[in-house]
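Okay, structure first, notes after.
The values are calculated or read from the model by the stated rules, or taken from the named source; none is laboratory data. All values reported here derive from a predicted model rather than from experimental measurement. Counting neighbours? That spans all protein chains shown, and the Cβs are built from the backbone with ideal geometry, glycine included.
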Amino acid sequence: MNLPALRVLVADDHPVVLAGIRALLDGHPGIEIIGEARDGQTALQMALELQPSILLLDLSMPDLNGIEVTKRLLAQRPLCKVIVLTVHEDRSYLRKLIEVGASGYVLKRSAAEDLLRAIQAVAAGGVYLDPSIAVHAIDRTHKKLSNTAEGHAELSEREMEVLRLTAMGHSNKAIANILNISVKSIETYKARAINKLGFRSRVELVGYAVDRGWLTAT
């Protein structure tokens, strides 16, 4: 039985980029482009109305930037996955997008090779970070991870699994369904693991996951 197509909304203020993405994805089995937007406010409105599976979003958009669009969208439609397309390799943008819940970060110069891989990874419940910039997710936290994670008691197998699924972007309810245990138990395992590791942000959690290869696309 064929699975329903992934409904993808594309937002970029450059017509050439929009055309390039459409050329890359059009006709690909399992992907349907349901609309295009050329500014952040329109992208947010269309995403709320059309409820795409995935929003491909330029970071630098008129009206609302990609960080603000992602933050507002996921506050109302947490099941939508956001993949940010950008020319920016600055780690500060990556860290901000991770914090607001983006599921993917793809550099435009790599889009021809990596965009489809990112869509597939995110649709499967994962997080995709452009390989050339993924290291930046852990660059400033790596020393902290080394000093904290190794100094605490090892995580239990269940704590590790909950942490891995959390880093991949799954909600507590989704993790509870995957592991067939209660949401309350998920909250307990997550809090215990985060406390053991001394994490204070999603950036540190994703950095930990990147460092261990949990988010590596196959």
Please state which one of Ala217, Ala153 is closer than 23 Å to Arg95 by Cβ and modelled with pLDDT under 75.
Ala217
Over region 30-56, the set of residues over 22 Å from Arg72 (Cα atoms) and free of Cβ contacts under 8 Å to residues at least 12 places away in the same chain is none
Scan region 110-133 residue by residue and report those that are modelled with pLDDT of 80 or more, in contact with a helix residue (DSSP H, G or I) (Cβ under 7 Å, 6 or more places away or on another chain) and of a type in the set (Val, Ile, Thr).
Val127
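Among the residues of region 1-46, write down those that are assigned to a loop (DSSP other than H, G, I, E, B) and buried (at least 19 other Cβ atoms within 10 Å of the Cβ).
First, pick out the residues of region 1-46 that are assigned to a loop (DSSP other than H, G, I, E, B): 1-5, 12-14, 26-30, 38-39.
Correct list: Asp12 only.
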Inside region 156-190, the number of residues satisfying the requirement of being modelled with pLDDT under 85 and assigned to a loop (DSSP other than H, G, I, E, B) is 4
Going through region 197-214 in order, the residues found to be of a type in the set (Ser, Thr, Tyr) and in a loop (DSSP other than H, G, I, E, B) are Ser201
